Amino acid sequence: MKFDLYRLVRENVRGLKPYSSARDEYTSDGSKMVFIDANESPYSNGINRYPDPQQRKLKTLLAKSSSLSPANILLGNGSDEVLDLIFRAFCEPHKDNVITMTPTYGMYKVLAGINAIENREVLLTESFELDVNRILESVNSKTKVIFLCSPNNPTGNSFSVKHIEYLLNNFQGLLVVDEAYIDFATQGSWLNKLGQFPNLMVTRTFSKAYGMAGLRLGVCYASENIITILNRIKPPYNVNELTQRKAFQMIQNTALVEEQIAEILSERDRMIGQLAKISYVKKIYPTDANFILVKVDDADKRYQEILELGVVVRNRSTQPLCYNTLRFTIGTPEENETLLKVLNSL
Ligand SMILES: *Cc1c(COP(=O)(O)O)cnc(C)c1O
């Protein structure tokens, strides 16, 4: 099956020239230059200059750790912006559609609504696996993107590699794998398969394992051709100077983050063992993420009781297939202990 990227791009985006910023036209090679081209304030305070619109330093560092090229990377103000750019580059309002799973991360639906794109929701199976046939039956000539979140939020599981490969091989649009929780998964990343599938896109975020939710940094990895299109429509200065600088600094030393991930994984195991002993916990779903979805006797009641004792958890009961479920994020060992105390006191 031949993949035709050009056919997928919105007509108005095909011919777009990106805004050419002063910082695009000239970047210093390190020699001392006088910059009086961008109407910035000349007085140094660390942030008086516009940030690099192409985030070259940061992308080079990220490319190195993924053995890809900076040309395979788009950065955004959180992965929410990255996902929005995907809609805006490929989906024609009031005409095209996307396919998302349910239950899943709520932002795909929100972004579809904002961009006036039909969202075709396909229910996961009872075991939260992809229903590949139903997904492909939902595809028509206007289907531009399938969004998969793996490991999936709020269910916690990773989708079967075989199923995702089947979709990649049998869908002529783009397939986005949102890997927000990949650092907690036993299953490998789809990054290594970008070369194999021209329609594959992988998104990541620094908001979860990397501990930078406040920084707002999201990443999209894809073929150079796809990234070129996204670059055409991204706001020039979408990743601010402080974010670029802080992320660069933090990504260089990931030893601490790796320790934290290891602790979260061992705490996750411990919590699963402890939760299993609680009488009103009816089911603990397998998880590849930094949270655990559990079925309880009465989620609305338990949620209120837990809240009254000072712990905020997520009630996922209104989601399809998630009736009477609560989602617990793995906290520090002390926080997890507090949750267990609360749960055991009910
Ligand atoms: C938390 C989360 C994100 C993070 O989005 P940011 O905008 O980068 O903070 C993305 N995708 C999923 C599935 C998430 O759960």
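A few notes on this one:
- Residues in segment 210-227 that are within 16 Å of the ligand (Cβ to nearest atom), small (Gly, Ala, Ser) and open to solvent by 10 Å² or more (accessible area, probe 1.4 Å): Gly211, Ala213, Gly214.
- Candidate set from segment 228-246 (those that are more than 16 Å from the ligand (Cβ to nearest atom) and touching a helix residue (DSSP H, G or I) at 6+ places or on another chain (Cβ under 6 Å)); member that is nearest to Leu8 (Cα to Cα): Ile229
- Whether a residue is more than 16 Å from the ligand (Cβ to nearest atom), surrounded by 20 or more Cβ atoms within 10 Å (Cβ to Cβ), modelled with pLDDT of 95 or more and of a type outside the set (S, T, N, Q) was assessed, and Ile164 does not pass this test.
- Subset of segment 109-134 [of a type in the set (A, V, I, L, M) and either closer than 16 Å to Ser158 by Cβ or more than 14 Å from the ligand (Cβ to nearest atom) (or both)]: Ala112, Ile114, Ala116, Ile117, Val122, Leu123, Leu124, Leu130, Val132
- Within segment 109-118, the residues that satisfy the criterion of being open to solvent by less than 50 Å² (accessible area, probe 1.4 Å) and within 18 Å of the chain's Cα centre (by Cα) are Leu111, Ala112.
- Residue that is more than 25 Å from Phe291 (Cβ to Cβ) and either open to solvent by 20 Å² or more (accessible area, probe 1.4 Å) or outside the structural domain of Val294 (by TED's automatic domain parsing) (or both), where the choices are Ile233, Ile264: Ile233
- The numbered conditions (1) of a type outside the set (Ser, Thr, Tyr); (2) in contact with a strand residue (DSSP E or B) (Cβ under 9 Å, 6 or more places away or on another chain); (3) at pLDDT below 95 are all true for Leu293 except (3).
- Residue in segment 185-198 that is surrounded by 23 or more Cβ atoms within 10 Å (Cβ to Cβ), over 24 Å from Tyr6 (Cβ atoms), within 16 Å of the chain's Cα centre (by Cα) and not hydroxyl-bearing (Ser, Thr, Tyr) present: no
- One residue alone among Ser21, Ser44, Ser67 is under 19 Å from Leu200 (Cβ atoms) and polar (S, T, N, Q), and that residue is Ser67.
- Cβ-Cβ under 7 Å pairs, at least 6 apart or on other chains, segment 72-85 side closer than 14 Å to Tyr237 by Cα and within 11 Å of the ligand (Cβ to nearest atom), far side part of a strand (DSSP E or B) and open to solvent by 10 Å² or more (accessible area, probe 1.4 Å): Gly78/Thr205
- Only one of the listed residues (Ile292, Ile264, Ile251, Ile306) is in contact (Cβ under 8 Å) with a residue 40 or more places away in the chain, of a type in the set (Val, Ile, Thr) and closer than 24 Å to Lys109 by Cα. That residue is Ile292.
- Residue within segment 91-108 that is open to solvent by 40 Å² or more (accessible area, probe 1.4 Å), aliphatic (A, V, I, L, M), within 16 Å of the ligand (Cβ to nearest atom) and free of Cβ contacts under 8 Å to residues at least 40 places away in the same chain present: yes
- Any chance Asn253 is modelled with pLDDT under 95, away from the ligand (no atom under 16 Å from the Cβ) and surrounded by fewer than 16 Cβ atoms within 10 Å (Cβ to Cβ): yes
- Matching residues in segment 264-307 - criterion: being among the acidic types (Asp, Glu) and assigned to a loop (DSSP other than H, G, I, E, B): Asp288, Asp297, Asp298
The values are calculated or read from the model by the stated rules, or taken from the named source; none is laboratory data. The structure displayed is predicted, hence computed values, not measured ones. When we count neighbours, we look across all protein chains shown, and the Cβ atoms used for this are built from the backbone with ideal geometry, even at glycine. The accessibility values were calculated without ligands, DNA or RNA, using every heavy atom of the protein model including side chains. Shrake-Rupley method; radii C 1.70, N 1.55, O 1.52, S 1.80 Å.
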